[in-house]
Amino acid sequence: MQRCSADTPMRRLRDRIIQRRGTPARNVAKAAAARKLLTLVYYALRDGEVRCLAKTGPA
């Protein structure tokens with residue numbers, strides 16, 4: 001069983017997909033979130049940092 005805390009970007013993505021496509025699409029949403037996470041991990045390993053998760057805005 002996979003678990004994800006409620007305040008993560010992956011959880012928000014998953015919830016948005018489930019809201020848009022309905023409850024039967026839970027596995028689709030889980031796969032989409034996993035694919036996005038895998039992409040972030042790839043770029044983090046390649047570049048040494050995950051820029052898209054960095055907080056941007058006034059300091």
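The values are calculated or read from the model by the stated rules, or taken from the named source; none is laboratory data. Everything numeric here is computed off the predicted structure, so don't read it as measured data. Here Cβ is always computed from backbone atoms with ideal geometry, including for glycine, and neighbour counts include all displayed protein chains. Surface accessibility is based on the protein's heavy atoms, side chains included, excluding ligands, DNA and RNA. Shrake-Rupley method; radii C 1.70, N 1.55, O 1.52, S 1.80 Å.
In segment 10-30, what count of residues is obtained for those that are under 25 Å from R51 (Cβ atoms) and open to solvent by 60 Å² or more (accessible area, probe 1.4 Å)? Spell out the reasoning first.
We begin by selecting, within segment 10-30, every residue under 25 Å from R51 (Cβ atoms); these are 10-17, 29-30.
Next, from what is left, pick out any that are open to solvent by 60 Å² or more (accessible area, probe 1.4 Å): 11-12, 14-16, 30.
So the answer is 6.
Only one of (1) open to solvent by 60 Å² or more (accessible area, probe 1.4 Å); (2) in contact with a Lys or Arg (Cβ under 9 Å, 6 or more places away or on another chain); (3) at pLDDT below 85 fails for P58. Which number is that?
(2)
I'd like to check something: does segment 31-52 contain any residue that is modelled with pLDDT under 85, in a helix (DSSP H, G or I) and open to solvent by 100 Å² or more (accessible area, probe 1.4 Å)?
yes
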